[in-house]
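Input: a single structure, listed below in structure tokens.
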Amino acid sequence: MPRLKFKRISIILVTVCFGYWIILYWSSFGFGLGGASKRRFKHRSDGVRDTLLRSAGHGDESLLVPGEPEVYNTEYLTRLNKINTADDQRKYDEGYHLHSFNQYISDKLSYVRPIPDSRNQLCRRKSYDADLPTASIVICFHNEAMSALLRTVHTALQRTPSHLVQEIILVNDASEFTFLQRNLSRYLEKLPKVRLLYSAERLGLIRARLLGARNATGEVLIFLDSHCEVNTKWIEPLLARIKEDPVNVAVPIIDIVNADTFAYESSSVVKGGFNWGMHFKWDSLPKSYFSNPEAIADPIPSPTMAGGLFAMDRKYFHDLGEYDEGMDVWGGENLEISFRIWMCGGRLEIIPCSRVGHIFRKRRPYGSPGGDSFLKNSLRVALVWMDGYKKYFYQTRPGAENGDPGDMSDRLALRQGLKCKSFKWYLDNIYPEQTLPASVDPGVKKQLLNSKLKENNNFMKVETKRKGLLKHLGSGLCVQSERSIYDKRSLLTLAVCSTGDQSKDQVWYQTTGGDLRLANLLCLDVDLTFGPFARLMRCNGGSTQIWKFTTTGGA
Ligand code: UD2
Ligand code: MN
């Protein structure tokens, strides 16, 4: 009898345990029970998990919430942005921290919200062939906010005639949010024509776009950033221009989705240029352009493109050498493809009747493994395409020529094979407005280089007053960098204090200048714009980096 009782209890126990395990398992896939499932996620992911889950559900309800204003106005957005509780504040701060834009409001907005039709009146009267080439829309993302990404996808599905969409290809470039991957693929299953590709290795946006492009089957490739909102009839003028001639590369006007308020703001019509530091810049159009009202809806030849949003015949993209696979994470590819299009027989144009909104942010929230990709990529552009003019780049970015650009033989062979024109031809014919920097005296150049080096090596010059751990008295934990200390955007976290052979992630140096340096490299800084957050930053001697040592509570 006792044996039987024991057996019965065991069965009950096993059943309960199994049931609990099942609940835990399912909850980790986002079916509620937040508290239990949270333990299954890494620290960094926990905070945003709920927001992301909510945004995944948000789209299920409806694409256009009935009763919402026809076009979102400032008061409406201000109301949505209101912070009522400490939890709201936490979500708000966390959203900014992860994405450098207001994820809090993004999560509350519909995926397809009414936005102003920012086109010129003349564009509204235009009609387009029904028989346009089909498009594969390629959207790459790394750690994107799910609501912003889905807004890009949904507006593209809703505001594009379906016969023109061959497919939408999303490329997940090694995003670190496990739940984003899980929820996203499940969410996307129900959307027509959407394919999700995944790279476990961080490709950077250039190689990620290549992966998307090589998997595409439409006649035209259209690249979009992962935080866009396409506007009325955005695709027709782009495709129509490519149908006229496949060597036309068509760029929409990029409207502004305000990163803080999410107001949709119309951009003025400008064209793309660059400076000798290899930064893209906008150039205003000559007055003559505005004097002919009929021409206002016509394509505008542009020396360069901003990079994120453009349409290009797929075969032509391939024949022209796609992108430079040797380029890392971010930057430079937009000037490279712009120079290449013009110098090798194509045409790059801004199409004023196509409008797409994009969230412009003040800084990039993600790191760049392997160092300054922008500098390396720019060096590759200079070495392959700029002939003798590369000296102006070196002059503007002293020391750039000493970087390692990697192997460039394929790209040099490509330029030869395509029989491209010279950079001088490009400047004379396509960008005659470009001025050369005033010639720099070799003595001044040396001075410039020295001051740059001094700035870089600033930390070597100051003296250390004291060195040690930064301990939080309440918890007994020590402040350390959350990621590698070499990542300039690294944040701080608390961890068990290292003893004996102290980890260099925890050793702080207080200098005579009053700043606190981790491993004598980066400074403890306060981000007052989005914070106050404590973060690690390059030392700059500013007031946000001065700390006081007190004998009672530590530094
Ligand atoms: C601009 C371009 C961007 C690109 C860049 C130069 C616009 C509107 N945007 O910067 O498209 O040309 O200049 O390189 O013209 N991403 C990845 N993997 C990464 C990093 C980024 O997939 O390792 C994605 C990211 O999620 C986004 C896109 O690439 O969808 C562009 O990145 P961004 O939005 O940070 O760049 P942005 O707009 O500052
Ligand atoms: Mn972007």
Ranking request for peptides 133-140, 492-499, 112-119: highest mean number of other beta-carbon atoms within 10 Å first, then the rest in descending order. 133-140, 112-119, 492-499
Could you list PHE423, PHE290, PHE393 in order of exposure, starting from the residue whose Cβ has the fewest other Cβ atoms within 10 Å? PHE290, PHE423, PHE393
Taking neighbour counts of Cβ atoms within 10 Å as a proxy for exposure, in what order, fewest first, do TYR76, TYR392 appear? TYR76, TYR392
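Need the full-extension length gain, GLU325 to GLN416, defined as separation in residues times 0.36 nm minus the C-alpha distance. One decimal, nm.
Numbers: separation 91, 0.36 × 91 = 32.76 nm, distance 1.75 nm.
Length gained between GLU325 and GLN416: 31.0 nm.
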Multiply the residue gap between ARG90 and ARG186 by 0.36 nm, knock off their C-alpha separation, and tell me the result in nm, one decimal place. 31.9 nm
Computed lengthening from ARG347 to GLN121, 0.36 nm per intervening residue step minus Cα-Cα distance: 78.8 nm
Packing-based exposure ordering (other Cβ within 10 Å, fewest first) of LYS467, LYS243: LYS467, LYS243
Could you check the spin-label model distance between LYS504 and THR232? Points 7 Å from the Cα along Cα→Cβ, value in nm. 5.9 nm
How far apart, in nanometres, would the label points at LEU473 and LEU521 be if each is projected 7 angstrom from Cα along the Cα-to-Cβ direction? 3.1 nm
For the pair ASN258 and ARG363, how long in nm is the line joining their label points, each one 7 Å along Cα→Cβ? 2.2 nm
Measure of size requested: the Rg and Dmax of segment 196-263, with Cα atoms as the atom set and Å as the unit; please supply both. 14.6, 40
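Coordinate-derived values only; no laboratory data. All of these numbers come straight from a predicted model, not from anything done at the bench. We place every Cβ from the backbone using ideal geometry, glycine too, and count neighbours over all the protein chains shown.
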